[in-house]
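Novice: Sharing a structure here in structure tokens format.
Every number here is computed from the coordinates shown, using simple stated rules; none is lab data. As the structure is a computational prediction, the values presented were derived from the model and not from experiment. For neighbour counting, all protein chains shown are included, and Cβ atoms are generated from backbone atoms with ideal geometry for every residue, glycine included.
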Amino acid sequence: MENIEEQLRETVKKLLKEKKVDLVIGYSKGTLPFHSTPVFIADEKDADNLIFDFTCGNNLAKYLQKSKVKNHGKIGIIAKGCDGRSIVQHIVENQIKREEVVIIGVHCDGVIDIRKLEEKVGRKEILKYQVENDKIIVEGKGFKKSLSKQDILSDSCIACKYPNSPVYDVFVGNPVPIAEPRKPITNNLESLSSDERWAYFEKEISKCIRCYACRNACPLCYCEECFVDQSNPQWFGKSPNLSDTMIFHIVRTLHTAGRCVSCGACTRACPTGVNLAPLGIRMEKEIKDRFGYTAGLDTEATPPMADWNEEDKQEFIM
Amino acid sequence: MTEHRTPNTEHRNWEPKILAFLCNWCSYAGADLAGVSRIQYPPNIRVIRVPCSGRINSTFVLKCLQNGFDGVLVSGCHPGDCHYITGNYYARRKFAVLKTLLEFIGIEPGRVQFSWVSAGEGEKFAEVIKKVTEDVKKLGPAKKLVKI
Ligand code: SF4
Ligand code: SF4
Ligand code: FES
């Protein structure tokens, strides 16, 4: 890991020095253990703050949209597989041009899910930790525990099919061999009845407090005005009424259908632990089965929901 | 939570309210033809005329379910016949995704339905309305997504 970080810093310094980029979006150490924070580096000197490890869960493609970032000029961006796919999706959707970004691919072994970690230590405060191969030793007041990294990995990472950025200009570390066994997360939702599925989602969504952290963390939620913020017309109520909240999540899912890259940033950002992943995964499958499209792989692709084909299946239409 | 579907018998006098979005150029004209041809069909639909099925925003459908409609029908021109050439092709993709998602979160498949009805298909229009009304009747009043 140390090794990758050193290489990463050197790569970034070089890019800045040679004026290949004006600003680099990356990660630095957060203020709490197991947290990283996005950083924006315009000066070579600051490149030593860069880190890259399993705490780097934010999807950095989010920042490509910000005008403060865009106005800097050419942007370098550190990209795990999912960040890379989100960047590709931005290019597909004409939000940024390929030549406006320098994509710095990194070797990613997955990021952790803080919620899983908290559960493992009984929600006690963690003061420090150290990594020994595949083990993580966490320490807090009156406890010390050794955890396996695999057990606290984010679900989206366990299921990840594209650990390497599909497009990059430089790559730090070695690309992850795709053959590496990463198994899909299975849920039995499909085999339940309508009512049972409704009951499941009702329970899950009733945890939602409408903070919109999921939307704010999503790299593909970049509309200047989100439908939930509109007041003229006001599509749906803004209080955490179950019907309104359900509809917020339905529309959020529809708006990200065919664009979501299953990075898991939304689920990780949620303060109340709503598991949003099944919605995105279901849409990803439908879009692939129906329209043969997988988001974020090909910069030349046409977005499936802005496209059509005479042969599209219409078995559900009378 | 488990008893979302109230058996029909409890609602002997209940008649479903169904909102039908009909595109101006085909399905609305089809409905008109059914009318002037005096073809009988259930009186359960309320019609909103839209310029094209491509005008339908998924939020329209959700808003109907939230405001207490028991069923929603969206109908447009047959593929290849859209007045705006490709409106219904785009719509078809939108509808496929909407339908899948609604069913996935647990909305009964019969609640939201889609059809292509041309201006010459008065008979088909009546058939579609009969089918949707029957399906929704079987499901009983909508409970999920209704705002209380
Ligand atoms: S919806 Fe969630 S998983 Fe999908 S791209 Fe957005 S943040 Fe990532
Ligand atoms: S982050 Fe969680 S609580 Fe906040 S709006 Fe999204 S699902 Fe709801
Ligand atoms: S005009 Fe009828 S579907 Fe477009």
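Novice: Which of the peptides A:92-98, A:131-137, A:4-10 is most tightly packed, and how do the rest follow, judged by the mean count of other Cβ atoms within 10 Å per residue?
Specialist: A:4-10, A:92-98, A:131-137
Novice: Per residue of B:105-115, count partner chain C-beta atoms within 10 Å of its C-beta, then hand back the mean as an integer.
Specialist: Per residue, the average neighbour count from other chains is 5.
Novice: Still on this structure, please answer the following. Students often get this wrong, so check it: of A:Lys80/A:Lys141; A:Lys120/B:Lys144; A:Lys29/A:Lys124; A:Lys29/A:Lys116, which have C-alpha atoms separated by over 24 Å?
Specialist: A:Lys80/A:Lys141; A:Lys120/B:Lys144
Novice: Would you kindly state the longest site-free stretch of chain B, with sites defined as trypsin sites (Lys or Arg not before Pro) in a DSSP loop (not H, G, I, E, B) surrounded by at most 10 other Cβ atoms within 10 Å?
Specialist: No qualifying site falls inside B:39-148, the longest such stretch.
Novice: Cα-Cα over 20 Å: which of A:Lys17/A:Lys62; B:Lys17/B:Lys143; A:Lys149/A:Lys207; A:Lys68/A:Lys97; A:Lys161/B:Lys94?
Specialist: With Cα atoms farther than 20 Å apart: A:Lys17/A:Lys62; A:Lys149/A:Lys207; A:Lys161/B:Lys94.
Novice: Which of the three applies to region A:217-277, rounded, prolate or oblate, going by the alpha-carbon gyration tensor with a ≥ b ≥ c and a/c under 1.5 meaning rounded?
Specialist: oblate
Novice: Tally Lys/Arg at +1 and Asp/Glu at -1 over every other residue whose Cβ is under 11 Å from the Cβ of B:Ala31; what's the total?
Specialist: 0
Novice: Between A:Gln234 and A:Val131, what is the label-point separation in nm under the 7 Å Cα-to-beta-carbon projection?
Specialist: 4.7 nm
Novice: Additional query: Mind checking A:282-288 for the average number of partner chain beta-carbons within 10 Å of each residue's beta-carbon?
Specialist: Taking all residues of A:282-288 together, the mean is 3.
Novice: Based on the mean of other beta carbon atoms within 10 Å per residue, what is the order of A:56-67, A:165-176, most packed first?
Specialist: A:56-67, A:165-176
Novice: For peptide A:303-310, how many partner chain Cβ atoms fall within 10 Å of a residue's Cβ, on average?
Specialist: 4
Novice: Using just the Cα positions, wrap region B:17-139 in a convex hull and report its mean projected area in square nanometres, one decimal place.
Specialist: For region B:17-139, averaging the hull's shadow over all directions gives 6.6 nm².
Novice: Also, I was wondering about something else. Just how many % of Cα pairs in chain A lie over 38 Å apart, if you round to the nearest whole percent?
Specialist: 16 percent
Novice: Within 15 Å, Cβ to Cβ, of B:Lys124, how many net charges do the neighbouring residues add up to if Lys/Arg are +1 and Asp/Glu are -1?
Specialist: Once all neighbours under 15 Å are counted, the net charge is -3.
Novice: Now a separate question. How large is the helix-only mean residue ellipticity at 222 nm for chain A, computed as the sum of -39500 (n - 2.57) over DSSP H runs with n ≥ 4, divided by its residue count, in deg cm²/dmol to the nearest 500?
Specialist: -8500 deg cm²/dmol
Novice: Sticking with this structure for a sec: Based on the alpha-carbon gyration tensor of region B:65-106 and its eigenvalue square roots a ≥ b ≥ c, which shape applies: rounded if a/c is under 1.5, prolate if not and a/b is larger than b/c, or oblate?
Specialist: oblate
Novice: 7 Å from Cα along Cα→Cβ at both A:Lys207 and A:Glu139: what's the point-to-point distance in nm?
Specialist: Roughly 3.2 nm, to one decimal.
Novice: A follow-up question, please. Take the alpha carbon gyration tensor of region A:50-97, find the square roots of its eigenvalues, order them as a ≥ b ≥ c, and report rounded if a/c is under 1.5; if not, report prolate when a/b exceeds b/c, else oblate.
Specialist: Since a/c reaches 1.5 but b/c is at least a/b, the shape of region A:50-97 is classed as oblate.
Novice: Can you pull out the chymotrypsin sites (Phe, Trp or Tyr not before Pro) in region A:204-285 that DSSP calls coil and that have at most 11 other Cβ atoms within 10 Å?
Specialist: none
Novice: Excluding residues fewer than 8 places away in the same chain, name every one of the aspartates and glutamates whose C-alpha is closer than 16 Å to that of A:Lys13.
Specialist: Hits, sequence-local ones excluded: A:Glu5, A:Asp22, A:Asp43, A:Glu44, A:Asp46, A:Asp48, A:Asp169.
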